[in-house]
Structures are given as C-alpha cells and as structure tokens.
Amino acid sequence: MRKKELFGLNIKLGILGLIAFIILWEVIALFVVNNPLFLTPPHQVVISLHQLFAQGLIYEHLLASLEEFFLGIGLAVIFGVILGIFFGWYKKIHWFFSPLLTSFYAMPTIAIFPLILIWIGLGFWPKVTIVFLAAFFPILINTIAGVRNIDHDFIRLGKSFGGSDLKIITNIIFPATLPFIASGLRMAVIRGLSGMLVAEFYVSNKGIGYLITYFGNTFQTDKLFAMVIIIIFLGLALTLLVNFLEKRLQAWKPEKN
Amino acid sequence: MSSKNKSKKSIKIKVSDLSVSYSNDKKNLLAINDISFDVLKGEFLAIIGPSGCGKTTILNCLAGLIRPTSGTIFIKNSHNTLKKQITMVFQDALLLPWRTVHSNITLGLEISGISPKNKQNDIDKTLNLFGLGNFKNFYPHELSGGLKQRVNLARAYVCNPEVLLLDEPFSHLDLITKEKLQLELRRIFLISKKTFIFVTHDIDEAVFLADRILLLSPGPGEIKTIVNTNLGKDRKVSFKKNRSFLSVKNRVRLLLAQEGTK
C-alpha cells in the first residue's frame with residue numbers, strides 16, 4: 001500500500017514539474033523575452049502544432065522520416081543481432097575485429113555522412129544508411145556482450161545433448177541475449193533518430209529534419225518548436241515501443257516485490 | 001561377488017586407461033590417471049571420492065564434453081555418437097528461466113533435432129513419472145530446489161538415453177528433499193532399466209542408491225577399489241538403519257578414510 005502511494009506521488013510530482021516548466025517557459029516568453037521570434041510561448045507552440053496537423057502538411061514528412069528510420073533500424077537489428085551472436089560465439093573472430101568494431105562504435109556516424117553521399121549519392125538510401133550505421137553498432141556491441149555474459153554451464157548443457165551450434169544458438173544463446181539486445185535497441189533508437197534528423201538537415205526535401213531546417217531558415221520559430229515537440233514525442237513513443245517489446249519478450253520474469 | 005554380477009549383466013561401457021590432464025600457461029595438472037573400469041548394462045554405479053579426485057572429469061569424458069588425454073571409452077551397441085546414447089544431469093539444475101517446466105524438459109529433444117510434438121506422449125509420461133504433471137506451466141523461479149532438480153532429471157530422461165550420467169544432482173538440497181529424491185531416483189531407475197552413473201561425495205547417498213561404488217583416490221584421481229553393495233533392489237528410507245546398509249557404509253567410509261590418512 002505504501003509502495004503504491006509512493007508510486008502515485010512519483011507520478012504526481014513528475015506532472016507537477018512538467019507543468020511548472022511550461023508555466024515558467026510561458027512567463028519568460030511573454031514577460032521577460034517578449035519576442036516570439038526568439039522564444040515562442042508554449043500556447044503558441046500548441047496552436048502551431050495543431051495547424052501543422054490540421055493542414056496535413058506534416059503527414060507526408062512524418063511518413064518519409066519513419067520510412068527511413070524503420071528500414072534503417074530494421075536492417076540494423078537483423079545484421080547487428082546475427083553478427084553479434086556470431087562474434088560472441090566465435091571469440092577469436094571477435095578478437096580479430098574488436099579494434100575495428102570499437103573504433104566504429106566510438107565514432108559519431110554522421111562524421112562519415114559526406115563519404116556516404118559520395119558512395120551512394122543523394123536520395124533515400126544515404127539517410128537509411130546513416131540510420132543503419134548509427135543503430136547497428138550499439139545493437140552489435142550489446143549482443144556480443146550478451147552472448148559473452150551467458151553462464152558457460154548453459155552452453156555445456158546444450159552440448160551435452162549433442163546439439164549443433166545452430167541449435168544451441170537458437171534455443172539457448174539467442175533467448176538469453178534478448179535483454180542485452182533490448183538495451184542495445186533502446187540506445188539504437190535514439191542514435192538512429194539523431195542520425196536521421198542530421199541526414200535530413202543536409203540532403204533532403206522531405207522529412208522532419210528537412211522541416212526543422214526549413215522553419216529555422218524562414219524564422220518560423222513557433223513551428224520549429226512544434227517540430228521539436230514532435231521529435232520528443234517520437235523519441236518517447238519509440239522508447240516505449242522498445243520497452244513494450246522487451247516486456248512482452250520477458251513476460252516470464254517475476255514482478256519485482 | 002563382483003564377477004558374479006558381471007556374469008549376469010553384459011558390459012555397457014568399457015573405460016580403459018583413461019587419463020585427463022588440464023594444462024594452462026605454465027602448469028600441467030593430471031586430473032585422472034590410467035583409470036579403467038566397466039559399467040554393466042542396467043546397473044546403478046556410483047562414483048565417490050574426495051573433492052578434486054576427478055569424479056566430474058570422468059563424467060564429462062563419458063558425456064563427450066572433455067576429450068581424454070589418453071585412453072578409450074567403448075560403448076556397446078554404439079552405432080550413434082556417444083552423445084546421443086548418453087545424457088547428463090548437472091549439479092546445478094540449469095533450467096532456462098524463460099522456459100516453463102514443460103519446455104525446459106523438451107530442451108534436450110529440441111537441441112537433438114527431435115520435434116517435441118512427435119514425443120508428446122513421452123513428455124507427458126516423463127512429467128508424471130517425475131511428479132511434475134501439476135507444474136508443467138510453471139517457470140523455474142516458481143519452483144522449489146527439489147522441483148528444479150526433478151525437472152533437471154526429467155529433461156535428461158525424456159531424451160530416452162541408454163545411459164544417464166548424474167553429477168551430484170542433490171548436493172545443494174536439504175536432507176529431507178534429498179532423501180525424497182533419492183527414493184524417487186531409485187524407483188525411476190528400477191522402472192527404466194537404464195544404466196545410471198551417479199557421482200557424489202555423500203557416502204550415505206552412494207550406498208543407498210548404487211549397486212556398485214567406484215572409490216577414487218585424489219591427486220591424481222585413481223581407482224582405489226570397487227565395492228559391490230549387494231543390498232537388493234527394494235530400498236526405503238528406513239533401510240538406512242539396516243545392518244547390511246550400515247556395514248557397507250562403514251566399509252566405504254573406512255576405505256576413504258584410509259586414503260585421507262595416507
């Protein structure tokens with residue numbers, strides 16, 4: 001009962017903090033800055049947000065961004081998980097590639113965007129490639145860590161039944177690695193979203209990133225804020241989606257307390 | 001006495017001059033040295049000895065998990081590989097936490113490439129045999145230590161191996177649960193007519209369960225002697241107060257103690 005009360009208080013305080021921030025923002029925008037071009041008050045942002053959806057302008061761009069994003073993330077999950085399990089299982093091959101993988105993981109993906117443009121050209125695919133590269137490495141590195149983390153006795157157990165590596169991987173390794181893959185995916189979603197935005201800033205005539213640049217260049221600060229709100233909600237929705245998937249996949253886990 | 005027994009039953013496994021050494025960067029440790037013994041078809045053989053005498057190493061060799069440094073293991077009627085005839089029950093239950101009792105039991109079948117759907121009858125029989133019928137949809141975290149070990153045993157048993165290797169499966173359990181499972185195991189052994197090889201460091205357990213006890217001496221592991229228990233088939237917990245049981249137990253204890261004072 002006490003825990004429930006505490007949980008309720010937790011949410012109430014969070015909402016209160018959010019409301020306080022919005023009021024503070026409104027007050028500063030209206031009475032301190034008093035220049036909507038510099039700082040748009042939140043009520044104006046809400047109006048602009050409503051206009052963007054009411055006029056239908058946003059849908060086409062949102063769809064274009066989501067298409068790039070989900071294709072890039074999807075490919076990153078497929079290749080990241082398969083290669084992660086492979087490298088985790090065959091450690092000597094991992095040792096061989098380890099410096100290379102660590103370097104790529106540490107590198108901000110956007111740094112090689114000009115190179116990608118030279119190699120692939122303009123259009124849809126360089127943006128998908130950036131999302132893929134941004135998302136691929138966290139998934140790969142986490143999957144490798146997940147495979148390495150498995151109690152070796154479970155692998156001995158699989159071997160004692162005389163199973164092939166593939167059977168052990170599908171029945172023991174992959175399910176045991178899922179929590180690590182989910183952690184990688186959570187990181188990948190945010191990195192992928194950032195990669196997608198930056199790619200759209202530079203070479204796009206469609207997408208959320210393009211709209212942000214457009215509204216910025218044309219000093220439509222209210223709409224720029226509205227786009228930022230959309231990005232925040234998109235990031236939150238994607239993170240919640242990953243959390244939901246993680247919970248579904250780990251439904252067996254006992255509830256804490 | 002031992003030869004009498006051998007004449008009744010045929011040899012299932014013949015281990016000859018088995019040696020295993022582990023080596024790391026600088027050291028070379030001889031775990032077992034020139035071990036030879038036979039395992040009879042349908043017998044319950046216990047392997048007992050102090051810590052570090054190579055009991056588990058022998059079991060790992062039989063399961064094909066370790067390659068012996070030298071020596072041979074021959075399994076009669078072995079047309080398939082070693083692994084398919086033999087399954088192993090580990091000391092820790094090693095249940096996959098995301099699988100229910102039912103799907104933990106089918107793990108061995110799935111890994112061996114056998115569809116559990118085709119073996120549903122065997123799976124149900126095994127669940128009932130091990131008293132797990134009411135727990136088949138439970139997850140490991142919902143089970144007691146004793147039940148986990150039952151699942152561990154059932155998982156190996158459902159693969160229908162000719163030989164079951166058991167590596168101290170009851171060592172982490174409390175005395176009451178342990179005795180209950182010893183009884184169950186003995187009952188299942190008699191029903192199944194399979195060959196059981198049971199590693200333990202518990203003299204009481206070895207004498208209660210086994211037809212023969214292989215005593216190992218440590219550093220490196222060598223066979224000290226093989227004791228034939230001659231205690232008959234029917235064994236109950238009260239049987240542990242029986243004079244013949246106590247006599248075998250004392251004999252084994254003395255033999256192991258002699259090793260300790262050497």
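The values are calculated or read from the model by the stated rules, or taken from the named source; none is laboratory data. Only a predicted model underlies this, so the values are computations on that prediction, with no experimental measurement involved. Quick reminder, even Gly has a Cβ in these numbers, built from the backbone with ideal geometry, and neighbours come from all protein chains shown. Note: accessible area is taken over every heavy atom of the protein model, side chains too, but ligands, DNA and RNA are not part of it. Shrake-Rupley method; radii C 1.70, N 1.55, O 1.52, S 1.80 Å.
Take the conditions open to solvent by 30 Å² or more (accessible area, probe 1.4 Å) and either more than 9 Å from chain A (Cβ to nearest Cβ) or touching a strand residue (DSSP E or B) at 6+ places or on another chain (Cβ under 8 Å) (or both) and apply them to B:D122. Does it pass? So B:D122 fits the description; yes.
Residues of the stretch A:157-165 include at least one that is under 30 Å from B:L62 (Cβ atoms), open to solvent by less than 20 Å² (accessible area, probe 1.4 Å), part of a helix (DSSP H, G or I) and free of Cβ contacts under 8 Å to residues at least 12 places away in the same chain. Within the stretch B:31-69, being open to solvent by less than 40 Å² (accessible area, probe 1.4 Å) and among the small types (G, A, S) holds for B:A31, B:G42, B:A46, B:G49, B:G54, B:A63, B:G64.
Within the stretch A:232-251, the only residue that satisfies the criterion of being surrounded by 14 or more Cβ atoms within 10 Å (Cβ to Cβ) and either part of a loop (DSSP other than H, G, I, E, B) or free of Cβ contacts under 8 Å to residues at least 40 places away in the same chain (or both) is A:Q250.
Among the residues making up the stretch B:186-208, those that are open to solvent by less than 10 Å² (accessible area, probe 1.4 Å) and within 19 Å of B:P50 (Cβ to Cβ) are B:I197, B:F198, B:V199, B:T200, B:E205, B:A206, B:V207. More than 14 Å from chain B (Cβ to nearest Cβ) and modelled with pLDDT under 90: does that describe A:S183? So A:S183 does not fit the description; no. When restricted to residues that are part of a loop (DSSP other than H, G, I, E, B) and either more than 20 Å from A:G163 (Cα to Cα) or touching a helix residue (DSSP H, G or I) at 6+ places or on another chain (Cβ under 7 Å) (or both), the stretch B:113-144 contains 10.
Name every residue in the stretch B:85-117 that is more than 7 Å from chain A (Cβ to nearest Cβ), open to solvent by 10 Å² or more (accessible area, probe 1.4 Å) and under 25 Å from A:L249 (Cβ atoms), in order of residue number. The answer is B:A93, B:L95, B:R99, B:T100, B:H102, B:S103, B:S115, B:P116, B:K117. All conditions but one from (1) touching a residue at least 24 places away in the same chain (Cβ under 8 Å); (2) more than 11 Å from the chain's Cα centre (by Cα) apply to A:I172; the one that does not is (1). Scanning the stretch A:137-156 for residues that are open to solvent by 50 Å² or more (accessible area, probe 1.4 Å) and either of a type in the set (G, A, S) or not in a helix (DSSP H, G or I) (or both) gives a single hit, A:D151.
Taking the listed residues B:R155, B:R150, the one that is surrounded by 21 or more Cβ atoms within 10 Å (Cβ to Cβ), within 28 Å of A:K253 (Cβ to Cβ) and either aromatic (F, W, Y) or within 14 Å of chain A (Cβ to nearest Cβ) (or both) is B:R155, with no other qualifying. Screening A:I212, A:I190, A:I229 for residues that are without any contact (Cβ under 8 Å) to a residue 40 or more places away in the chain and in contact with a helix residue (DSSP H, G or I) (Cβ under 8 Å, 6 or more places away or on another chain) leaves exactly one candidate, A:I212.
Considering the stretch A:62-80 alone, what residues qualify as being over 19 Å from A:V203 (Cβ atoms), open to solvent by less than 20 Å² (accessible area, probe 1.4 Å) and aliphatic (A, V, I, L, M)? Hits for the stretch A:62-80 are A:I73, A:A76. Among the candidates A:T170, A:T177, A:T129, the residue that is β-branched (V, I, T), under 18 Å from A:G80 (Cβ atoms), within 14 Å of another protein chain (Cβ to nearest Cβ) and open to solvent by 20 Å² or more (accessible area, probe 1.4 Å) is uniquely A:T170. Among the residues of the stretch B:145-159, those identified as assigned to a helix (DSSP H, G or I) and touching a strand residue (DSSP E or B) at 6+ places or on another chain (Cβ under 6 Å) are B:N152, B:L153, B:A156. Can you confirm whether A:M227 is assigned to a helix (DSSP H, G or I), of a type outside the set (G, A, S) and under 18 Å from A:Q51 (Cα atoms)? The answer is yes for A:M227. Tell me which residues, restricted to the stretch B:223-250, are in a strand (DSSP E or B) and buried (at least 18 other Cβ atoms within 10 Å of the Cβ). Passing the criteria: B:I223, B:K224, B:V227.
Of all the numbered requirements in (1) open to solvent by 50 Å² or more (accessible area, probe 1.4 Å); (2) of a type outside the set (S, T, Y); (3) farther than 28 Å from A:L39 by Cα; (4) in a helix (DSSP H, G or I), A:P254 misses one, and that requirement is (4).
Across the stretch A:104-126, the qualifying residues are those that are surrounded by fewer than 23 Cβ atoms within 10 Å (Cβ to Cβ), in contact with a helix residue (DSSP H, G or I) (Cβ under 8 Å, 6 or more places away or on another chain) and among the β-branched types (V, I, T), and the one among them that is farthest from A:I190 (Cα to Cα) is A:I120.
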